[in-house]
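The values are calculated or read from the model by the stated rules, or taken from the named source; none is laboratory data. The structure presented is a predicted model; accordingly, all values stated were derived computationally and were not measured. Ideal geometry is used to build each Cβ from the backbone, glycine not excepted, and the neighbour counts take in all protein chains shown. Remember, those area values only see protein heavy atoms, side chains included, never the ligands or the DNA or RNA. Shrake-Rupley method; radii C 1.70, N 1.55, O 1.52, S 1.80 Å.
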Amino acid sequence: YGYPSVSATQYHAQDELGQASFGYAHPGQAASNLRDGFGNQIGSYAYFNPEGKEVRVSYTADSRGFRVQSNNLPVAPAQISLPSAVVVAPPQPVQDTPEVHAAKMAFFRTFHEAAVRSG
């Protein structure tokens, strides 16, 4: 009846040692992941972003942390070099508002009076 033919697949396998593999494939996107018995994982996925660019990502997660490689990672801005004569003042402590200062003084006065009464 003119419906487009779509082929999609998915899989999952696991054993009693905790090892597993799973993934899927669908038009425009796919993913796969392998996990060993110690919880280490490696995997990848790919998709087309709204601009039509294919994005590919590969990752490893193990005792050394999570590491990723991709053709779509953000790039840090270029470093700006300041002249050596620029001196930045250290941050100043936050000043209490008059209301906070009055509340602190009332607390210390009450605390001191209680301490004197208790001997």
Filtered residue count, the range 5-57, keeping only those that are in a strand (DSSP E or B) and out of contact with any Leu (no Cβ under 6 Å at 6 or more places or on another chain): 30
Qualifying residue in the range 61-74 (condition: closer than 30 Å to Pro27 by Cβ, assigned to a loop (DSSP other than H, G, I, E, B) and open to solvent by 90 Å² or more (accessible area, probe 1.4 Å)): yes
Residue check for Arg56: open to solvent by 100 Å² or more (accessible area, probe 1.4 Å) and in contact with a Ser or Thr (Cβ under 8 Å, 6 or more places away or on another chain): yes
Top-ranked residue of the range 92-110 - restricted to ones that are surrounded by 10 or more Cβ atoms within 10 Å (Cβ to Cβ) and charged (D, E, K, R), ranked as nearest to the chain's Cα centre (by Cα): Asp96
Selected residue [in contact with a strand residue (DSSP E or B) (Cβ under 7 Å, 6 or more places away or on another chain) and of a type in the set (A, V, I, L, M, F, W, C)] from Ala114, Ala46, Ala89, Ala103: Ala46
Condition met for Tyr59 (closer than 30 Å to Pro4 by Cα and either modelled with pLDDT under 95 or of a type in the set (Ser, Thr, Tyr) (or both)): no
